[in-house]
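Participant: Structure in structure tokens, see below.
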Amino acid sequence: MAKAKTWIEPHPGGIYVKPADLWIDPSRPVERAAVTHGHADHARSGHGAVFATPETLAIMALRYGVDAEASHNQAFPYDDGFELGGVRFSFHPAGHVLGSAQILMEYAGERIVVTGDYKRRADPTCAPFEVVPCDIFVTEATFGLPVFRHPPTGEEIAKLIGAVRAEPDRSVLVGAYALGKAQRVIAELRRAGWDAPIYIHGALERMCQLYAVHGVDLGELRLVSETGKAEMAGQIVLAPPSALNDRWSRRLPDPVTAMASGWMRVRQRARQRMVELPLVISDHADWDELTTTITEVNPKESWITHGSEDGLLRWCELTQRKARALHLVGRDLEEEA
Ligand SMILES: [Zn+2]
Ligand SMILES: [Zn+2]
């Protein structure tokens, strides 16, 4: 086991794969980066070459103007990959957002998986998480405390639809992050039979279009900026969380403020944002998903990062699993939980 530490190095700014001279999700510009998914705390601009799934490259192109077609960048569909410096890299679904991948590295008979962010429950907007057997499992731990148990998604969506129907003169304004959460809430609403147009803030438009281009059907979306106030009574409106308590929301008829995030489990967070209708919908694994995943992957060693590292570390110790906490910088837990 000591062997791995000679070819893969966790640094505060990312994970360095020595024989390939490549970084995974580096927090600063590097020559070669393999990127797990498009959220800003993983995908930064300015790298010489980016290796990622086609969807992640498309998202980076949209967000940073990174040229997906640039010769230095390379796209790999799930289960495919490349070899560099004797290390075999491949991408496997992480179930987090469109295009999100775990990165498997095989070198000198050893297998290491870096999950990036992931979740286990169903999400109509992306491929489901795949259990990839490995020696070292580098797992996120955003919700790595037993207090975090997300309720079934369908219950939260039913709560949302119930709130709209209860007050037909008002609109319900849902704060949802622009990449992943917004599209998932829309797709879940469609699944629950909500087929009315859904109204969106302009900041969500292009990412919703990107999802549609990649085959995620979101139904009819209308821009709030092109809609009269009265038309949005009894309707659902989505906006980035920053717009919730902003002047912008005055365009809406007496909005009920909602927010879709795993952090809505914490009452104080809901109060801080003046959220009347907290919806616990998360794109990160909750406590049970984290511990189930470590059990299923059953690695020789787990490296824990991105969140409540100590809680999951303690669980590993109690269940006699070898583990250590990595302290990576710049992981913005608010952005996308
Ligand atoms: Zn993420
Ligand atoms: Zn993240």
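The values are calculated or read from the model by the stated rules, or taken from the named source; none is laboratory data. These numbers come from a predicted model, not from an experiment. Glycine also receives a Cβ, built like all others from the backbone with ideal geometry; neighbour counts cover every protein chain displayed.
Participant: Within region 21-28, can one find any residue that is away from ligand 1 (no atom under 16 Å from the Cβ), surrounded by 18 or more Cβ atoms within 10 Å (Cβ to Cβ) and farther than 25 Å from residue 130 by Cβ? I'd like the intermediate steps shown before the answer.
Facilitator: The initial filter retains those residues of region 21-28 that are away from ligand 1 (no atom under 16 Å from the Cβ), namely 21-23, 28.
Retained after the next criterion (residues that are surrounded by 18 or more Cβ atoms within 10 Å (Cβ to Cβ)): 22-23.
Still in the list and also farther than 25 Å from residue 130 by Cβ: none.
Within region 21-28 (the criterion being away from ligand 1 (no atom under 16 Å from the Cβ), surrounded by 18 or more Cβ atoms within 10 Å (Cβ to Cβ) and farther than 25 Å from residue 130 by Cβ), the answer is no, since none of the residues qualifies.
Yes/no per residue for (1) in a strand (DSSP E or B); (2) surrounded by fewer than 21 Cβ atoms within 10 Å (Cβ to Cβ); (3) charged (D, E, K, R):
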| site | (1), (2), (3) |
| --- | --- |
| 120 | no, yes, yes |
| 131 | no, yes, no |
| 143 | no, no, no |
| 165 | no, yes, yes |
| 189 | no, no, no |
| 195 | no, yes, yes |
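Participant: Let me ask you something else. Just to be sure, is residue 47 surrounded by 22 or more Cβ atoms within 10 Å (Cβ to Cβ) and away from ligand 1 (no atom under 16 Å from the Cβ)?
Facilitator: Answer is yes for this residue.
Participant: Looking at region 215-257 only, could you name the residues that are under 22 Å from residue 96 (Cβ atoms) and crowded, with 16+ Cβ neighbours inside 10 Å?
Facilitator: Selection gives 216, 218, 238, 239, 240, 241.
Participant: Which one of these does residue 40 not meet: (1) within 15 Å of ligand 2 (Cβ to nearest atom); (2) buried (at least 18 other Cβ atoms within 10 Å of the Cβ); (3) within 22 Å of residue 181 (Cα to Cα)?
Facilitator: (2)
Participant: Quick one: would you say residue 334 is within 16 Å of ligand 2 (Cβ to nearest atom), surrounded by fewer than 16 Cβ atoms within 10 Å (Cβ to Cβ), within 28 Å of residue 98 (Cα to Cα) and modelled with pLDDT under 95?
Facilitator: For residue 334, the condition - within 16 Å of ligand 2 (Cβ to nearest atom), surrounded by fewer than 16 Cβ atoms within 10 Å (Cβ to Cβ), within 28 Å of residue 98 (Cα to Cα) and modelled with pLDDT under 95 - is met.
Participant: Identify the single condition in (1) buried (at least 18 other Cβ atoms within 10 Å of the Cβ); (2) under 29 Å from residue 16 (Cβ atoms) that residue 110 does not satisfy, given that it satisfies every other one.
Facilitator: Looking at each condition in turn, residue 110 falls short on (1).
Participant: A further question on this structure: Can you pull out every residue in region 95-112 that is small (Gly, Ala, Ser) and assigned to a strand (DSSP E or B)?
Facilitator: The answer is 101, and nothing else.
Participant: So for region 311-320 (the condition being modelled with pLDDT of 95 or more, on the phi < 0 side of the Ramachandran plot and part of a loop (DSSP other than H, G, I, E, B)), does at least one residue qualify?
Facilitator: Checked against the condition, which is being modelled with pLDDT of 95 or more, on the phi < 0 side of the Ramachandran plot and part of a loop (DSSP other than H, G, I, E, B), region 311-320 yields at least one hit.
Participant: Tell me which of these residue 266 doesn't satisfy, since it passes every other one: (1) in contact with a helix residue (DSSP H, G or I) (Cβ under 7 Å, 6 or more places away or on another chain); (2) free of Cβ contacts under 8 Å to residues at least 60 places away in the same chain.
Facilitator: So the condition that residue 266 fails would be (1).
Participant: Something else: Condition first: surrounded by 20 or more Cβ atoms within 10 Å (Cβ to Cβ), within 16 Å of ligand 1 (Cβ to nearest atom) and among the small types (Gly, Ala, Ser). Can you find one or more residues in region 77-98 that meet it?
Facilitator: Yes.
Participant: Could you check region 28-50 and list, in sequence order, the residues that are touching a residue at least 60 places away in the same chain (Cβ under 8 Å) and of a type outside the set (A, V, I, L, M, F, W, C)?
Facilitator: Once the filter is applied, which keeps residues that are touching a residue at least 60 places away in the same chain (Cβ under 8 Å) and of a type outside the set (A, V, I, L, M, F, W, C), region 28-50 yields 36, 37, 38, 39, 41, 42.
Participant: Consider region 156-187. How many of its residues are touching a Ser or Thr at 6+ places or on another chain (Cβ under 8 Å) and more than 19 Å from residue 257 (Cα to Cα)?
Facilitator: Of the residues in region 156-187, 2 are touching a Ser or Thr at 6+ places or on another chain (Cβ under 8 Å) and more than 19 Å from residue 257 (Cα to Cα).
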